[in-house]
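The values are calculated or read from the model by the stated rules, or taken from the named source; none is laboratory data. Remember, it's a predicted structure, so these values are computed and weren't measured experimentally. Heads up, the Cβs are rebuilt from the backbone with ideal geometry, glycines too, and the neighbour counts pull from every protein chain shown. Just the protein is used for accessible areas: all its heavy atoms, side chains included, with ligands, DNA and RNA removed. Shrake-Rupley method; radii C 1.70, N 1.55, O 1.52, S 1.80 Å.
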Amino acid sequence: METVLVVGAGQSGFGVATSLRDKGFDGRVVLIGDEPGLPYQRPPLSKGYLAGTAGDAQLRLRPEDFFAEKGIELIPGRVASVDRDGAKVVLEDGSAHEYDHLVLATGAANRVLPVPGSTLDGVFTLRTKDDADVLRAALENAENVVVVGGGFIGLEFAAHAGRPVTIVEAQDRLMARVATPEVSAYFAALHEGAGHTILLGKGVAALHGDGRVAEVELSDGGRLPADLVLVGVGVEPRTRLAEEAGLAVANGVVVDEHLRTSDPKISAVGDCANFPCVQAGTATRLESVQNAVDQGRAAAAAIAGEPAPYDSLPWFWTDQLGAKLQIAGILTGAEKVVVTGDREGGKFSVLSFRDGVLAGVESVNRPPDHIAARRLFAADPAPRFETLEANGFDLKATFA
Ligand code: FAD
């Protein structure tokens, strides 16, 4: 019987396994994961789970009996190496598992702050449920909380920490990598309104303390008292297995339009995969639930004998301080923006254009705009500025 082996039981690995069954694949489906417990989703970790309003049940992707029903074998353990000649993987405990097709769904690991003191007690990152559990407990007794990095993770943490925090960001605005200045400014005001202090354009030079963090030293020499530091400075794709197996790796495991690596018997999906992104017009690595789910589905279809070029529209969301930001498309390289809706009232959308074509739409508390943007992109992957302008930049009217 044919065996598909998936390394990594996170969002995308789970997606591959379930999609294979949805496609009618009747061979063995084996999901190997190095985290304890059943596969779970990460978004609540920096939102409701952190705030204590969501529990284990909200994290779990499916209950235990689902896996038995679907014939998905869960194997706990960490894969230490891939033996391509022998078509098998070897776990750290020495056990070997053969495959006909292998999927790497190993995700990403948090970047460590490259400064002295980054391993002191009281310095945390947030990626796993274990991280969130430790962080939640530490928050109860923390007085001075500093967040390093004003990206999604740092800001969601700040929003759900339940107390004022100081956010240190090296760029000159929040969420600079993925949001337009208009949206950055809105969220900066929101966080300041909630009592958070935002320090922009400042790096961190060192963390000080005697075993436990007590102070954050900034790049300009300033010092902040801190007994809890959350570092959210991005992730690195987990590519060691692929590299050591001799697969092509460049900012992620390099895959083609069918999510296949340089070895046709091995695919890669989710945060660890660098794929040819139609919307970006270049090889891209994305870190989102949408990307993990859709790539899991596409890789499964290819394995099940129904390959179709991967071209799903990237989209993303974040929840902070009662505001929901949803992004459809890829904003990179956009040179022109149009703001629609009620910015002052906190319900607006920002349309970004690249070379006269709509590249992405950020919607703040305007879910109908987000849905309309996704429908518009589905109907026309390259809506022109003039077309939208003629419709008063009304997304719904444009695709109707
Ligand atoms: P992961 O979910 O990280 O799964 C990879 C799994 O592989 C992990 O369990 C890892 O331990 C395991 N693994 C790695 N190497 C091995 C090995 N050698 N052997 C066995 N197992 C291995 N996205 C959104 O779109 N919206 C959000 O609001 C949002 N919020 C987020 C909040 C947090 C706190 C985090 C951390 C992420 C959030 N994301 C969000 C991003 C989203 O969760 C990720 O993009 C998604 O989980 C990626 O799925 P993945 O399967 O590629 O990786």
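The table below lists the values:
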{"item": "Residues within the stretch 25-39 that are open to solvent by less than 20 Å² (accessible area, probe 1.4 Å), more than 7 Å from the ligand (Cβ to nearest atom) and either under 20 Å from VAL134 (Cβ atoms) or not hydrophobic (A, V, I, L, M, F, W, C) (or both), tallied", "result": "2"}
{"item": "Single condition ALA397 does not satisfy, out of (1) within 16 Å of the ligand (Cβ to nearest atom); (2) at pLDDT below 95; (3) small (Gly, Ala, Ser)", "result": "(1)"}
{"item": "Filtered residues of the stretch 252-267 (kept if within 15 Å of the ligand (Cβ to nearest atom) and either touching a Phe, Trp or Tyr at 6+ places or on another chain (Cβ under 7 Å) or of a type in the set (Ser, Thr, Tyr) (or both))", "result": "VAL255, LEU259, THR261, SER267"}
{"item": "Residue in the stretch 268-305 that is nearest to ALA242 (Cα to Cα), counting only those that are small (Gly, Ala, Ser) and within 7 Å of the ligand (Cβ to nearest atom)", "result": "GLY270"}
{"item": "Check on GLY15, at pLDDT 95 or above, surrounded by fewer than 16 Cβ atoms within 10 Å (Cβ to Cβ) and not acidic (Asp, Glu)", "result": "no"}
{"item": "Odd one out for THR387 among (1) in a strand (DSSP E or B); (2) of a type in the set (Ser, Thr, Tyr); (3) open to solvent by 50 Å² or more (accessible area, probe 1.4 Å)", "result": "(1)"}
{"item": "Lone qualifier among ALA379, ALA373, ALA390, ALA292 - being under 22 Å from the mean Cα position of the chain (by Cα) and not assigned by TED's automatic domain parsing to the domain that holds ALA273", "result": "ALA373"}
{"item": "Among the candidates ILE327, ILE266, residue that is within 14 Å of the chain's Cα centre (by Cα) and either among the aliphatic types (A, V, I, L, M) or surrounded by 18 or more Cβ atoms within 10 Å (Cβ to Cβ) (or both)", "result": "ILE327"}
{"item": "Residues located in the stretch 278-304, provided they are open to solvent by less than 60 Å² (accessible area, probe 1.4 Å) and either free of Cβ contacts under 8 Å to residues at least 12 places away in the same chain or touching a Phe, Trp or Tyr at 6+ places or on another chain (Cβ under 6 Å) (or both)", "result": "SER288, GLN290, ALA298, ALA304"}
{"item": "Wholly enclosed helices (runs of 4 or more DSSP H) of the stretch 104-200 bearing at least 2 residues outside the structural domain of ALA80 (by TED's automatic domain parsing) and surrounded by fewer than 18 Cβ atoms within 10 Å (Cβ to Cβ)", "result": "129-141, 181-193"}
{"item": "Filtered residues of the stretch 47-77 (kept if open to solvent by less than 30 Å² (accessible area, probe 1.4 Å), in contact with a strand residue (DSSP E or B) (Cβ under 7 Å, 6 or more places away or on another chain) and closer than 18 Å to VAL289 by Cα)", "result": "LYS47, LEU59, LEU61"}
{"item": "Hits in the stretch 88-103 (condition: surrounded by fewer than 17 Cβ atoms within 10 Å (Cβ to Cβ) and in contact (Cβ under 8 Å) with a residue 24 or more places away in the chain)", "result": "GLU98, ASP100"}
{"item": "Filter result (within 16 Å of the ligand (Cβ to nearest atom) and not in a strand (DSSP E or B)) within the stretch 201-245", "result": "GLY232, VAL233, GLY234, ARG238, THR239, ARG240, LEU241, ALA242, GLU243, GLU244, ALA245"}
{"item": "Test: residue in the stretch 114-124 that is under 21 Å from GLY246 (Cα atoms), at pLDDT 95 or above and not aliphatic (A, V, I, L, M)", "result": "no"}
{"item": "Subset of the stretch 246-260 [part of a strand (DSSP E or B) and under 15 Å from VAL89 (Cβ atoms)]", "result": "VAL253"}
